[in-house]
Amino acid sequence: MRFDVVVLGGGLAGYTAAIALLEKGLSCALLSVGQSSLHFSSGSMDFLRALPDESQVFDLEKGLHDLARQDPGHPYSILGPEKTLELAKKAETAFASWGLEMLGSLSAGNHLRLSPFGKLLPTWLSSKDTVFIPADAEGRPEWPWLKIALLTVKDFLDFNPEIVAAQLKAQGRATSCHMFTCPDLEILRQNPSEFRSVNIARVLDQESNRPFLTEAVKKAAQNADAVFMPACLGFNRPQLAMELSKEAAKPIRLIPTLAPSMIGARLNNQLQYQFLKNGGVLMSKDRVVDFNLVGDQDDSSGSSALTIERLHTENHGDIPIIAKDHVLATGSFFSQGLLSDIDGVREAVFGLDLVNVPESRSDWALGEFFGSQPFARFGVKIDAQTRPFLKGRVLANLKAAGLVLGGFDPIRQGCGAGVAAVTALAAAEAILS
Ligand SMILES: Cc1cc2nc3c(=O)[nH]c(=O)nc-3n(C[C@H](O)[C@H](O)[C@H](O)COP(=O)(O)OP(=O)(O)OC[C@H]3O[C@@H](n4cnc5c(N)ncnc54)[C@H](O)[C@@H]3O)c2cc1C
């Protein structure tokens, strides 16, 4: 089987690179083993929340320049602040054209979203139906609403209204709590392990359950400026919260729940849909089990480079997959793009060179759980064209993108989705050039 490009990994980075390449007319196959970290994320996309000196970022352009000085090994710094900005703006346009209805922009700076525990967190892009709070230049919230009704599904364990209400009250919001259910939810609830956000959304998205939902929303909205609900509706109907807003004549907005994340899973589905719509070939539940490399001369640096000649995968057995170029977007430890065992840490597919891995295993983690964990920065080393290295030799027809890369801490720096989107578009550009 021959393709222009084979992408390994079906998360934000893999799909972003693949769709960008398909749009330019390249044939593209995407292999993915399982769910991506989007399924467990807030669904909001972080670009840059904090610098290594712990200062918070709200002006994203300035933040990138500060980052380049403080953290030259960060993927944004390797690409350069100007290039990163250009690619991030392209990502905003691309997401909108792919049907991801997101609010926020680089030029506006970070806005604030609510965590599942009601904490305000700065972020770059949030789905249109989620709680979006503008921030001033110092990051202070500019709340559009004073009186908030929290409307939850009865006995839904992945969202605690009391904790969220306490946080909202601490923010000076007058908050009331409400609950509702309907006969179909009561049936679903009989199996507690199934009573999760995406399954609840599949019930609430049904037209037959709309009267229960509308009635509950209207009731909660009576004495409120806005109604916040856990994100367990709108999975197959992304406009549902907006439709309810019209019916209740008040904004109805969603708050991410504990994982699994309906908003994140919906984003992943939308990306997959775009990929297939553009003619991509999806090889799901498949992985590379063998590959063949040949030596070559790298044109740009004159150094000795390697080229991937063919791949073999679990499901395709002895049928080789041959591509001119490849993108590695297999994620970090969470998605098993990186593996660790008693012998050390390794990139799972090709055994690529890694950065930031200390010699001594005792330096991999800090005792302080919430500290800036060294292992968060482990990952693949790349050059400015997103090409990785194997034993010091560049892999000329492989680009790496997203969380598999090293040199950044997506949690402490709040930059996971931004790095995924920007490096994916950088990889696509490098392939196209
Ligand atoms: C639990 C969690 C929550 C997060 N929450 C947020 C958030 O709220 N906001 C934010 O901005 N960032 C968040 N992040 C960071 C997030 O990882 C990035 O935002 C981004 O989604 C990463 O995308 P990715 O495509 O690089 O990797 P992933 O999303 O990890 O996707 C990698 C994909 O590759 C597949 N794969 C792995 N190995 C192979 C293989 N050998 N062959 C084929 N496929 C393979 C995996 O199954 C997976 O589908 C979170 C991360 C985690 C782990």
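Coordinate-derived values only; no laboratory data. Remember, predicted model here, so these are calculated numbers, not experimental data. Every residue, glycine among them, receives a Cβ derived from its backbone with ideal geometry; neighbour counts consider all protein chains shown.
A few points about this structure:
- All distinct Cα pairs of the chain go into the 1/r average, and the inverse of that average, the Kirkwood radius, is 22.6 Å.
- Multiplying the residue separation of Ser115 and Ala166 by 0.36 nm and subtracting their alpha-carbon distance yields 17.1 nm.
- Amide hydrogen proximity for Gly109: with H placed 1.01 Å from N in the peptide plane, the residues at 5 or more positions away or on another chain lying under 5 Å are Leu60.
- The slack in the chain from Asn315 to Thr181, taken as 0.36 nm per residue of separation less the alpha-carbon distance, amounts to 43.9 nm.
- Distance between the modelled labels on Ser340 and Lys277, one decimal in nanometres: 4.0 nm (7 Å Cα→Cβ projection).
- The residues Met229, Met242, Met102, Met45, when put in order of fewest to most other Cβ atoms within 10 Å, stand as Met242, Met102, Met45, Met229.
- Segment 135-141 - phi-based ³J(HN,Hα) in whole Hz, Karplus 6.51/-1.76/1.60, Gly and Pro as x: 10, 7, 4, 9, x, 6, x
- Point-to-point label distance, Lys154-Gln222, nm (Cα→Cβ direction, 7 Å offset): 1.8
- Calculated FRET value between Lys62 and Lys24, using beta carbons and R₀ = 45 Å, to 0.05: 0.90
- Here the label points at Glu368 and Met1, each 7 Å from Cα along the C-beta direction, are separated by 4.8 nm in the simple model.
- Rounded to the nearest 20, the size of the Cβ-charge dipole of segment 238-325 about its Cα centre is 820 debye, with Lys and Arg at +1 and Asp and Glu at -1.
- DSSP beta bridges fully contained in the chain are about 45 percent antiparallel.
- Cβ charges +1 (Lys, Arg) and -1 (Asp, Glu), total dipole of segment 131-255, debye: 200
- Put in order of Cβ neighbour count within 10 Å, fewest first, the listed residues Trp143, Trp124 become Trp143, Trp124.
- Computed E for Gln35/Ser208 - FRET, C-beta separation, R0 25 angstrom, nearest 0.05: 0.30
- 3J(HN,Hα) along segment 25-35: x, 7, 7, 8, 10, 10, 9, 9, 6, x, 5 Hz, from the Karplus curve 6.51 cos²θ - 1.76 cosθ + 1.60 with θ = phi - 60°, whole Hz, x for Gly and Pro.
- Size of charge dipole - the chain - debye, nearest 20, with Cβ of Lys, Arg +1 and Asp, Glu -1, no other charges: 980
- Mean residue ellipticity (222 nm) of the chain, computed from DSSP H runs ≥ 4 via -39,500 (n - 2.57), nearest 500: -8500 deg cm²/dmol
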